[in-house]
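The structure appears below as structure tokens.
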Amino acid sequence: QVQLVEPGGCLVQAGGALSLSCVASGIIFSIYSMAWYRQAPVKQRELVASISSSGGSENYADSVKGRFTISRDNAKNTMYLQMNSLKPEDTAVYYCNSRTERFAWGQGTQVTVSP
């Protein structure tokens, strides 16, 4: 059974930083390109950042470019999202999944950025 667990969300002030992690189990993590997604209230889920299976290539949504950094540790079956210079508009539930949304969605983690 595939599980994607995203601990680490919380409340942070604008301008602050937060690190999210995604721990995968039940899959051969290292063969998949992975991604972080987010869904704000009354909005559709959107792609935030993606990373190739080896970690050698990254892509970011324009809204987070220069502020967020995606990374992964295949030995630990874990993906990370370092979020700096947070803005209130970054408030959302953050999820991880493969780049093709192959797996069942986890519960996500709530990130709230106060003004």
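The values are calculated or read from the model by the stated rules, or taken from the named source; none is laboratory data. On a predicted model such as this, the values are computed, not experimentally measured, just so you know. Don't worry about glycine lacking a Cβ; one is built from the backbone with ideal geometry, like all the others, and counts go over all protein chains shown. Each accessible area value is taken on the protein alone, full model and side chains, heavy atoms only, with ligands, DNA and RNA left out. Shrake-Rupley method; radii C 1.70, N 1.55, O 1.52, S 1.80 Å.
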Handout entry: Phi-based couplings in Hz for segment 11-25 (Karplus 6.51, -1.76, 1.60; Gly and Pro marked x)
Key = 9, 9, 7, 4, x, x, 10, 7, 10, 10, 10, 9, 9, 9, 9
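Not counting the cut sites, what is the longest span of the chain without trypsin sites (Lys or Arg not before Pro) that DSSP labels loop and that have at most 13 other Cβ atoms within 10 Å?
Values: sites that count: K43, K65, R102.
In the chain, the maximal stretch lacking such sites is 1-42.
Take the alpha carbon atoms of the chain, find their radius of gyration, then divide it by 2.2 N^0.38 Å using N residues; give the quotient. Can you show the working numbers first?
Working: Rg = 13.1 Å, N = 115, 2.2 N^0.38 = 13.4 Å.
Output field value: 0.98.
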Problem - segment 5-52: projected area of the alpha-carbon convex hull, averaged over directions, in nm² - result: 4.6 nm²
Handout entry: the chain, accessible area per residue, ligands and nucleic acids excluded (1.4 Å, Å²)
Key = 52 Å²
Practice task
Could you pull out every Cys in the chain that lacks a partner Cys with its beta carbon under 4.7 Å away?
Solution key: C10
Fill in the blank from the handout: Heavy-atom accessible area of the chain with neighbours in place, 1.4 angstrom probe: carbon+sulfur share in percent works out to 48 percent
Practice task
Normalise the Cα radius of gyration of segment 24-88 by 2.2 N^0.38 Å (N = residues in it) and let me know the number.
Solution key: 1.17
Practice task
List the lysines whose Cα lies under 24 Å from the Cα of K65, skipping any in the same chain that are fewer than 8 positions away.
Solution key: K43, K87
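First select every other residue whose beta carbon is under 11 angstrom from the beta carbon of A40; then total the charges, Lys and Arg +1, Asp and Glu -1. Let's see the in-between values first.
Details: positive: R38, K43, R45; negative: E46, E89, D90.
Its environment carries a net charge of 0.
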